[in-house]
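Below: the structure, in structure tokens.
The values are calculated or read from the model by the stated rules, or taken from the named source; none is laboratory data. Computed from a predicted model, the values in this text were never measured in an experiment. Every residue, glycine as well, gets a Cβ built from its backbone with ideal geometry; the counts of neighbours run over all protein chains shown.
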């Protein structure tokens, strides 16, 4: 029995939802998002809340129940407040700047890394050592942050590289003579 799936998702003021078949569309102040559920799930709108129920007692229906409810909650959060990932850059000479729709990263390579910002995401660099990624799609925001971090993941000896804000990097001891 899904404990997450039992709870209905409340729609805050300014957010509207509509269901057509298995597709749920949520509109809010930040934009519109859609989600298509599997055939094992029924989505219903009761006033200002969205309820998710399984259609059968199969294992797959129970698995999809909680996942679908979480996806609906993420749609509502995305169109109201949005999602945000913050990255920190550590290392001598490592920096980031925005030039138009391109993020320029100086990461110790012989050339600057140019990262084109995908549609649906906004990237800002408030400081040379900070990158802020914002958007209404949680998966896209997380994927863009991971793609940027991939260019120079933090290394364990000096801790240089791109890391998530607040991320702990396990440090190793260097060579001893």
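Go through the range 17-60 and give me each residue that's closer than 26 Å to residue 122 by Cα and surrounded by fewer than 14 Cβ atoms within 10 Å (Cβ to Cβ).
Going through the range 17-60, the residues closer than 26 Å to residue 122 by Cα turn out to be 17, 24-36.
29, 32, 34, 36 - these are the residues of the range 17-60 that are closer than 26 Å to residue 122 by Cα and surrounded by fewer than 14 Cβ atoms within 10 Å (Cβ to Cβ).
Which of the residues that make up the range 4-16 are farther than 28 Å from residue 122 by Cα and in contact (Cβ under 8 Å) with a residue 24 or more places away in the chain?
Correct list: 4, 5, 7, 8.
In the set 119, 96, which member is outside the structural domain of residue 7 (by TED's automatic domain parsing) and modelled with pLDDT of 95 or more? Talk me through it step by step, then tell me what you get.
Numbers: 119 fails: modelled with pLDDT of 95 or more.
Residue meeting the stated conditions: 96.
Could you tell me whether any residue of the range 138-158 is at pLDDT 95 or above, under 20 Å from the mean Cα position of the chain (by Cα) and part of a strand (DSSP E or B)?
No; the residues of the range 138-158 include none that is at pLDDT 95 or above, under 20 Å from the mean Cα position of the chain (by Cα) and part of a strand (DSSP E or B).
Being surrounded by fewer than 18 Cβ atoms within 10 Å (Cβ to Cβ) and either under 21 Å from the mean Cα position of the chain (by Cα) or part of a strand (DSSP E or B) (or both) is the filter here; which residues of the range 118-128 pass it? Full working, then the answer.
Keep residues of the range 118-128 that are surrounded by fewer than 18 Cβ atoms within 10 Å (Cβ to Cβ), which gives 118-120, 122, 124, 126-128.
Across the range 118-128, the qualifying residues are 118, 119, 120, 122, 124, 126.
Output yes when any residue across the range 88-107 is within 30 Å of residue 25 (Cα to Cα) and surrounded by 15 or more Cβ atoms within 10 Å (Cβ to Cβ), and no when none is.
Residues of the range 88-107 within 30 Å of residue 25 (Cα to Cα): 101.
Next cut, surrounded by 15 or more Cβ atoms within 10 Å (Cβ to Cβ) only: none.
Looking through the range 88-107, none of the residues is within 30 Å of residue 25 (Cα to Cα) and surrounded by 15 or more Cβ atoms within 10 Å (Cβ to Cβ).
Take the conditions modelled with pLDDT of 90 or more, under 30 Å from residue 167 (Cα atoms) and more than 21 Å from the chain's Cα centre (by Cα) and apply them to residue 108. Does it pass? Steps first, please.
On the way: modelled with pLDDT of 90 or more: yes; under 30 Å from residue 167 (Cα atoms): yes; more than 21 Å from the chain's Cα centre (by Cα): yes.
The answer is yes for residue 108.
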